[in-house]
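What follows is a set of notes on a single structure, which appears directly below.
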Amino acid sequence: MPHESAAMKLLLTILAITVISTVNSVTASDDVRLTADDDYRWCKGNMHTHSLWSDGDDYPEMIAKWYLEHEYQFLVFTDHNTLLNKERWINSVDNKGGDTALRKLQAAGLPKSWIEMRDVKGDAPEIRLKTFDEVFELLAIPQNFLLIQGEEVSDRFGRLPVHMCVTNTSTLLTPLGGDSVAQVMQRNVDAALSHRARTGEAALIHLNHPNFNYAVTAEQLMQIVGEKFFEVYNGHPAVENVGDEQHASTDRMWDIINTWRLSRLDLPVMYGLATDDCHSYHTSTSIKDSQPGRGWVMVLSESLTPEALVQSLEAGQFYSSSGVTLKSVTKEDNEFTIVIDAEPDVTYTTDFIGTRHGFDDTSTPASDDPKDADKMTRKYSDEVGSVLKSVTGSTATYEFSGDEIYVRALVTSSRTHPNPGEPGEMEQAWVQPVQP
Ligand SMILES: [Zn+2]
Ligand SMILES: [Zn+2]
């Protein structure tokens, strides 16, 4: 729509926000019953993946094969500012994956004519990168394994990276920039929402790794209208999920964000995703590399289609995991119950975390230097996101007293993550916030 007027743009944005809020009207205050049955099943997926189309070190078909063989049900390709949709030839040796990636591709038992190479005078042959449609055709299995085209809109404010993944888009969304970190996020969210309103394509946008270069604070993210998701866990070793003395962890940010959105800002709950953000596919277990298999979402979905998955995600019908599997999450009347699919010789601790109405809402800057004050998430009282109850065992129940703004559950296993993004990680599951 090249000639749309400013008024039309505004109307489309309002329309998009209305559409999104309608989809999300299954709010946390409704009863929740997340359990597989004849109609709904759990689908395991990774929503943040890089390939040779940007700075990943493997071919997209090999990455899809990895996730298929590791029993995922869906995978979203999210290369930086690119879709896998054009004719593209690269040097077959001088690339991020090099000889190793090429030899593995050649040995993968793919159809005979699959690999296309062409000679280049005075250099190694070039190889054509397969498009999303070609990889989909080769590896997607109806209702069993789904590939989704996405993109990591890789924007920045000054030197700070502001990255947002879009799941399910056939149109490239270009980074729009802005005059502040918050405005960069808001403009990219608005663009995704108006794209969605124009095309009807169920595109979902989420904020990636807020603590990468400590770019995004809780106060900035909480105010973004139309943003419903951020990465509470990202498996890349450089993203500082746990923060440090001055910087809040992503878990802490999540509580601050939802406390303010639900009690002060009149904005809907924000959900927490776990993703791989994988780039490295050839090294063995190594904390230095961003490898696949570290964090994922389990979506309770009626069907394995992008539309059904996005609908379930937006209704909060999922949990995020770095190793803990759940059987069910229910909230009926005033009881919130988590049933864990327990493994032998592993113990589980479930922390019910939330904020009560009437909480102490004072805060102080995290830095004494006034010029850093709004660049770091502020320090809040322990009444924001406090542990309301802690339960050991494979079933954990919390009874609402009625004064909670929201309650979420964090399940931590006694087993360390076999391939962590940061040293000392335990396997966990993040259950989405519910309201009494
Ligand atoms: Zn990123
Ligand atoms: Zn990424």
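The values are calculated or read from the model by the stated rules, or taken from the named source; none is laboratory data. Note that the coordinates shown come from a computational prediction; the quantities given were computed from them, not determined experimentally. A quick note on method: Cβ atoms are made from the backbone with ideal geometry, for glycine too, and the neighbour counts reach across all protein chains shown.
Scan region 188-211 residue by residue and report those that are outside any helix (DSSP H, G or I) and either of a type in the set (D, E) or within 16 Å of ligand 1 (Cβ to nearest atom) (or both). Lay out the reasoning, then the answer.
At the first step, the residues of region 188-211 found to be outside any helix (DSSP H, G or I) are 200-211.
Correct list: E201, I205, H206, L207, N208, H209, P210, N211.
Any idea which residue in region 212-230 is farthest from the chain's Cα centre (by Cα), counting only those that are part of a loop (DSSP other than H, G, I, E, B), more than 16 Å from ligand 2 (Cβ to nearest atom) and free of Cβ contacts under 8 Å to residues at least 60 places away in the same chain?
Only one residue tops the list, namely Q223.
Mind listing just one residue for me: the one in region 67-92 that is away from ligand 2 (no atom under 16 Å from the Cβ) and buried (at least 19 other Cβ atoms within 10 Å of the Cβ) and, of those, farthest from C278 (Cα to Cα)? Talk me through it step by step, then tell me what you get.
Here is the first cut: in region 67-92, the residues away from ligand 2 (no atom under 16 Å from the Cβ) are 68-74, 85-92.
Filter once more, keeping what is buried (at least 19 other Cβ atoms within 10 Å of the Cβ): 72-74, 92.
On the way: Y72: 15, Q73: 17, F74: 15, S92: 21 Å.
Here the residue is S92.
Any chance region 249-264 includes a residue that's modelled with pLDDT of 95 or more and more than 23 Å from I353 (Cβ to Cβ)? Step through it out loud before you land on a result.
As a first pass, look at region 249-264 and keep what is modelled with pLDDT of 95 or more: 249-264.
The next check asks that each one be more than 23 Å from I353 (Cβ to Cβ); those that pass are none.
Checking region 249-264: not a single residue is modelled with pLDDT of 95 or more and more than 23 Å from I353 (Cβ to Cβ).
Checking the condition among the small types (G, A, S), under 30 Å from E307 (Cα atoms) and out of contact with any His (no Cβ under 7 Å at 6 or more places or on another chain), which residue from A64, A108, A124 passes? Step through it out loud before you land on a result.
On the way: A108 fails: under 30 Å from E307 (Cα atoms); A124 fails: under 30 Å from E307 (Cα atoms).
None of the other options fit; the residue is A64.
Kindly establish whether R261 is surrounded by fewer than 24 Cβ atoms within 10 Å (Cβ to Cβ), more than 17 Å from the chain's Cα centre (by Cα) and away from ligand 1 (no atom under 14 Å from the Cβ).
On the way: surrounded by fewer than 24 Cβ atoms within 10 Å (Cβ to Cβ): yes; more than 17 Å from the chain's Cα centre (by Cα): yes; away from ligand 1 (no atom under 14 Å from the Cβ): yes.
Answer is yes for this residue.
Which of the residues belonging to region 156-187 are away from ligand 1 (no atom under 16 Å from the Cβ) and basic (K, R)?
R187
I'd like the full set of residues that are more than 16 Å from ligand 2 (Cβ to nearest atom) and either in contact with an Asp or Glu (Cβ under 8 Å, 6 or more places away or on another chain) or part of a strand (DSSP E or B) (or both), limited to region 157-171. Let's see the steps before the verdict.
Our first condition is that a residue be more than 16 Å from ligand 2 (Cβ to nearest atom); within region 157-171, this holds for 157-159, 168, 170-171.
F157, N168, S170, T171 - these are the residues of region 157-171 that are more than 16 Å from ligand 2 (Cβ to nearest atom) and either in contact with an Asp or Glu (Cβ under 8 Å, 6 or more places away or on another chain) or part of a strand (DSSP E or B) (or both).
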